[in-house]
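The values are calculated or read from the model by the stated rules, or taken from the named source; none is laboratory data. Given the structure is predicted, the values throughout are model-derived calculations rather than measurements. Glycine gets a Cβ as well: all are built from the backbone with ideal geometry, and neighbour counts include every protein chain shown.
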Amino acid sequence: MQRLPRLTAGLVIICAVLIFPQGQLYSAIPYTSFSFDAWGQPVVGPAPYEPIMLIDGFDILQEDRWSMTGYSVIPLSQPYGLAVDAKNHLYIADTGNNRVVEYDAQFNYVRVIGDSSGPGRLSRPQGVFVHDDGRIFVADTGNNRVAVFSPEGTYLQAYGKPESQIFGIDYRFAPISVVVDHRGTLFVATEGGYRGLVQLTASGEFLGFIGGNQAGFDLLWMLKQIFFTEEQLSREARRLPPSPSSVTIDRQGIIYTTTISTNYGQIKRFNIGGVNTLAGRDYGARFLRTGVSMFSGVVVDDKGLITAADANTGQVFQYTPNGDVLFVFGGRGIAAIERMGVVHQASGIAVRPDGLLIVSDARSNTLHVFQPTEFAKLVHQAVFLFEEGRYDESAEYWREVLRRNSNFDFAHRGLGMTAYQNERFHEAMEHFYLAQFADGYSDAFWWARRAWLLEHFDTVIIITACLWIGYQILNRLFFRWRPRRKRDWDQVNRLLGDLVHAKTILVSPSAGFYDVRWSNKGSWLSAVTIVLTAFAAKLFSLYFTSLIFMSVDRNRINLAYEALTFILPWLIWVIANYLISALKEGEGRFKDVFIASSYCLVPYILIMIPLTIISNVMTNYEATVYHFFHNAALIWCGLLFFIMVYTVHNYDILEAVPNCVLSIIMMVVLGAIGGLVIGMTFNVTDFAFGLYKEVIFRVFR
């Protein structure tokens, strides 16, 4: 009787495995895969690649006269650069063993390239490239050269340090990656090569540098240049731009590079003029990484898809030909153990025509082979068809992608572009909105708006004319001949009168703030009402501004955070300005500063609410108008704050300027003290809670 339940359980398990094989497949993938939404946030999705093989090199046999068998096993040691030839053979720059290892298309060991002695002996090679004619170019780092071997593995020649005054006598030539174009020109990435890639002709002549990075802005170095003497500057370490970490070339002969130790422009694509044609952006996972990106390798497949590996995170990033991210997968393991698909230190990457990706791991001395899943193949084909201009064909694949992963925003972008190209602008707007693709939404909306205006232009003109005529008639019959009396709103309602006083602030700021200080205009209640109304205007703009001008993801708006970033800085300003003014003989009371500072927010209310509404009928072509009024609101508020300072405290302009500067500095100090107090409070709370749990555990265990 006891066997029956066991038999039943066994049958259930077998049926589950047979019915749900894919679930078993994806559960075996040891990493989370995701894409990014329009705001750079990770969105988990199906795995685009799955690991299928782990290569450790224990099948590599080399002659050893001291061994009983005549051979010894020498596994991989710090594998770096990878290359694939026309026969799908894999070449590995086995840095720790001073050799290049070749595997065939089935990943069986073939041979070792690199002589044991003589001119063909390698030293710490970090890069390898196989030319179309079969020649093997090795970035022989330790020997400061590029070594060239024949297809049979025979040493042919070497490219050493260029003998050119332009190259520089002290400039180091230690190649770490190399590619060769169809003309035979070499592009070499070198250690510390802050000038960029070294270009050499087939005969070894130096052509110049290409693909250099920018040093960027450094405030500390700028201050040193201002205040240090020439002797002091000469003792300072030179601030140099980061150097390319790898180089690759596509079928069209376009050069791609990666750069380590930077979180901006990690991948670049250079045309024949040396101009980067990829958008400058952060190509890494900014919300997931710790430290800076360490992009160590990049490859481009036949469809133009760009794939790069990050040594810092162990992740693999894949992009469209335009640099838009498609997938991120992989990642470092918690423990330094060898596990298929877990890359601890990505040091090189290669791609085969059949789609297989190979990533080298210099820390675990292994290679990881990944194959694309059906989901990735659908996306790749959709991207390829779209880039070829075959939009209707790509739409079929995008729909299938969305059926498998409804959160894949890039599919909505593809469908939106397909609808846009077919002049279905309203449909395009819907897809672009779902993808939060502002530029596409703006273009589609421009054409939809144009079509609507062409269809209803006469109606709009007639309605506008009728409204103007009606206003003129009403004005002549009812308003022009009636005497206008100035109403005292304070007599109607004190709060209403205080709010109407904002009109005086806008028209004549000095008189308005003077009345706040000396005529008791304004109140605590009116000030709080204005501040809350301004905060409501901010929320209104966040939730109802057009997608084209949105600065945040409205689905992730945190009301508490927005309140802290809007109301709290205003309150800290009030406190800081009052404290500084009290020390600088200012005549304003805390109540005066509080009320007057609230009136300074009125322009923000008056401009942002209508601007938010109008933004929904604007496109990128009117972006200048939108930003003008948005900035005008902020500048107007800033001017009112300044006028408030010298009016309420009875300063002249020269006294108000340092007062405002010191108030801002005091705001920073108060913010730092507040953050420190909050942090210490959390620490004390955690300590007390931990102590409580420890006492309870020891008393009642």
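Taking the numbered list (1) on the phi < 0 side of the Ramachandran plot; (2) not in a helix (DSSP H, G or I) in turn, E423 passes all entries but (1). Selection of segment 373-392 for residues being touching a helix residue (DSSP H, G or I) at 6+ places or on another chain (Cβ under 7 Å) and either of a type in the set (S, T, Y) or surrounded by 16 or more Cβ atoms within 10 Å (Cβ to Cβ) (or both) yields F375, L378, V379, Q381, A382, L385, F386, Y391.
Identify all residues within segment 48-74 that are within 30 Å of G330 (Cβ to Cβ) and in contact (Cβ under 8 Å) with a residue 40 or more places away in the chain; write none if there are none.
Let us first name the residues in segment 48-74 that are within 30 Å of G330 (Cβ to Cβ), namely 48-60, 73-74.
Selection gives P48, Y49, E50, P51, I52, M53, L54, I55, D56, G57, D59, I60.
Between a residue in segment 621-634 that is at pLDDT 95 or above and any residue that is loosely packed, with under 13 Cβ neighbours inside 10 Å, which pairs come within a Cβ distance under 9 Å, given they are 6 or more apart or on different chains? Listed by first residue and then by second, the contacts come to F629/P610.
From the list Y319, Y283, Y256, which residue is of a type in the set (F, W, Y) and outside the structural domain of L207 (by TED's automatic domain parsing)?
Values: Y283 fails: outside the structural domain of L207 (by TED's automatic domain parsing); Y256 fails: outside the structural domain of L207 (by TED's automatic domain parsing).
Within the list Y319, Y283, Y256, the selection yields Y319.
Evaluate the following for F544: is it assigned by TED's automatic domain parsing to the domain that holds L639, surrounded by fewer than 15 Cβ atoms within 10 Å (Cβ to Cβ), over 13 Å from L601 (Cβ atoms) and within 34 Å of the chain's Cα centre (by Cα)? So F544 fits the description; yes. There is no residue in segment 324-343 that is without any contact (Cβ under 8 Å) to a residue 60 or more places away in the chain, under 27 Å from V180 (Cα atoms) and among the β-branched types (V, I, T). Can you tell me which of A502, A536 is at pLDDT 90 or above and either buried (at least 17 other Cβ atoms within 10 Å of the Cβ) or outside any helix (DSSP H, G or I) (or both)? One residue alone meets the criteria, A502.
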